[in-house]
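Worksheet: one structure, shown below.
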Amino acid sequence: MTYWAVNAVFLAIVAVVGVLALVTAAVRGRAARASSSPGASTRRRREAVLGAGIATGVLLVMTAVFDNVMIGIGLVGYDAARISGVFVGIAPLEDFAYAVAALVLLPSVWVLLGGPKAPRAPRTASAAAATAAAAASKEARS
């Protein structure tokens with residue numbers, strides 16, 4: 001079995017999770033788009049794509065550096081008969097599948113688990129006093 005065959009198994013699972021996350025985000029996004037201005041939605045989407053692009057670049061560069069170091073010092077080795085023969089430095093291209101899987105899987109799981117939560121407004125002293133007064137008033141009436 002080649003390394004690409006092994007990668008194909010877990011990349012297929014990651015792809016399914018990614019598609020589920022896209023569908024979930026689309027369903028949740030309909031309500032958000034209906035309640036916000038079109039310009040704000042486009043700006044948020046552009047910022048998200050830019051952030052994802054920067055994160056992808058950083059992760060792939062770091063993967064290339066550290067994989068080359070690990071292979072260069074003999075910590076990791078690959079059977080030459082089972083790799084594609086395409087290299088980034090001395091790291092086979094197949095080694096980058098793990099980084100790509102992480103790039104898709106981590107945000108997908110985040111979306112499926114609920115994504116960003118709206119922060120709760122801090123409870124001020126006046127709000128606490130108003131709640132206490134309402135409770136005391138209710139007790140006095142009973």
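Tabulated values for the structure
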{"item": "Output for region 92-118, where each listed residue is open to solvent by less than 70 Å² (accessible area, probe 1.4 Å) and out of contact with any Ser or Thr (no Cβ under 8 Å at 6 or more places or on another chain)", "result": "Ala97, Val100, Ala101, Ala102, Val104, Leu105, Pro107, Ser108, Val109, Gly114, Gly115"}
{"item": "Flag if Leu50 is assigned to a loop (DSSP other than H, G, I, E, B) and surrounded by fewer than 12 Cβ atoms within 10 Å (Cβ to Cβ)", "result": "no"}
{"item": "Matching residues, region 57-75, being out of contact with any strand residue (DSSP E or B) (no Cβ under 7 Å at 6 or more places or on another chain) and open to solvent by less than 50 Å² (accessible area, probe 1.4 Å)", "result": "Gly57, Thr63"}
{"item": "Residues of region 29-38 satisfying the condition of being at pLDDT below 70 and either out of contact with any Ser or Thr (no Cβ under 6 Å at 6 or more places or on another chain) or over 19 Å from Val111 (Cβ atoms) (or both)", "result": "Ala31, Ala32, Ala34, Ser35, Ser36, Ser37, Pro38"}
{"item": "Residue that is part of a loop (DSSP other than H, G, I, E, B) and open to solvent by less than 70 Å² (accessible area, probe 1.4 Å), where the choices are Ser41, Ser84", "result": "Ser84"}
{"item": "Test: residue in region 99-117 that is modelled with pLDDT under 90, assigned to a loop (DSSP other than H, G, I, E, B) and either basic (Lys, Arg) or over 21 Å from Val23 (Cα atoms) (or both)", "result": "yes"}
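The values are calculated or read from the model by the stated rules, or taken from the named source; none is laboratory data. What you see is a predicted model, and the numbers here were worked out from it, not measured in a lab. FYI the Cβ positions are ideal-geometry reconstructions off the backbone, even for glycines, and counts take in every protein chain you see. We work out accessible area using only protein heavy atoms, side chains counted, and drop any ligands, DNA or RNA first. Shrake-Rupley method; radii C 1.70, N 1.55, O 1.52, S 1.80 Å.
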